[in-house]
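A.B. asks: Got a structure for you, questions after.
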Amino acid sequence: MKFFIDTANLAQIKEAQELGILDGVTTNPSLMAKEGISGKEAILNRYKTICEIVDGDISAEVLSTSYDEMIKEGEELAAIHPNIVVKIPMIKDGIKALKYFSNKGIKTNCTLIFSAGQALLAAKAGANYVSPFLGRLDDISVDGMNLIEEIRIIFDNYMFDTEILAASIRSPMHIINCAKIGADVVTSPLPSILNLLNHPLTDKGLEQFVADAKKMG
Ligand code: E4P
């Protein structure tokens with residue numbers, strides 16, 4: 001399973017990169033705004049910087065919602081770096097845009113996926129990734145993990161190449177459950193990735209080993 005980090009924060013991206021386990025980065029307009037980034041030039045520069053830090057797929061989301069605008073924006077984003085994946089919302093014009101980029105060999109990630117039917121349509125349109133939002137489903141008392149399972153079954157039935165990129169991750173348990181089901185990628189905020197490290201018995205065991213090592217001089 002690939003690990004992506006879900007942020008536009010450079011310090012966090014660098015920290016995950018230095019761990020040596022990072023395969024890519026996802027962002028969205030809300031994550032960009034959280035970093036105080038505004039204006040086209042600043043947005044394009046942030047993507048460029050992220051591409052210089054991480055050698056992997058970097059999702060860059062279009063801000064418009066009409067077909068013509070998404071194509072124009074997506075082409076500009078794709079021109080930043082070969083690792084840019086154009087992130088397109090799951091709407092009717094988005095499906096057409098996915099097909100356009102697929103025909104042109106530009107990688108895409110279809111975002112805001114909340115049903116298996118949406119994932120199927122995006123895969124048919126040639127999306128490289130679909131992003132089902134687990135946490136936001138859990139937030140409204142719908143089992144987000146069940147959606148990952150449904151998409152896995154459908155994609156395996158027809159051997160779609162589209163990768164399941166589990167998004168809206170809220171905890172390390174989301175990551176573990178995604179790995180059990182067979183999501184291809186998990187994009188997570190840094191704390192959930194780092195929380196995978198923790199176990200009290202590891203801390204206790206290491207404390208003992210360090211103490212015993214000292215006794216041996
Ligand atoms: C990533 O591609 C998504 O935009 C992101 O994971 C959404 O996460 P949120 O539901 O925590 O905002």
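A.B. asks: Consider Val130 carefully, then state whether it is in contact with a strand residue (DSSP E or B) (Cβ under 8 Å, 6 or more places away or on another chain), within 26 Å of Ile50 (Cα to Cα), open to solvent by less than 40 Å² (accessible area, probe 1.4 Å) and in contact (Cβ under 8 Å) with a residue 40 or more places away in the chain.
C.D. replies: Criteria not met by Val130.
A.B. asks: Can you tell me which residue in the stretch 32-42 is farthest from the ligand (Cβ to nearest atom), limited to those that are open to solvent by 30 Å² or more (accessible area, probe 1.4 Å), closer than 24 Å to Phe133 by Cα and in a helix (DSSP H, G or I)?
C.D. replies: Per the stated criteria, the residue is Ala33.
A.B. asks: How many of the residues in the stretch 76-89 are crowded, with 19+ Cβ neighbours inside 10 Å and touching a Phe, Trp or Tyr at 6+ places or on another chain (Cβ under 8 Å)?
C.D. replies: 6
A.B. asks: Hey, among Leu112, Leu121, Leu147, which residue is over 27 Å from Gly20 (Cα atoms), at pLDDT 95 or above and near the ligand (Cβ under 10 Å from one of its atoms)?
C.D. replies: Result of the check over Leu112, Leu121, Leu147: Leu112.
The values are calculated or read from the model by the stated rules, or taken from the named source; none is laboratory data. Remember, it's a predicted structure, so these values are computed and weren't measured experimentally. Glycine gets a Cβ as well: all are built from the backbone with ideal geometry, and neighbour counts include every protein chain shown. Ligands, DNA and RNA are stripped out before the accessible areas are found, and what is left, the full protein with its side chains, is counted by its heavy atoms. Shrake-Rupley method; radii C 1.70, N 1.55, O 1.52, S 1.80 Å.
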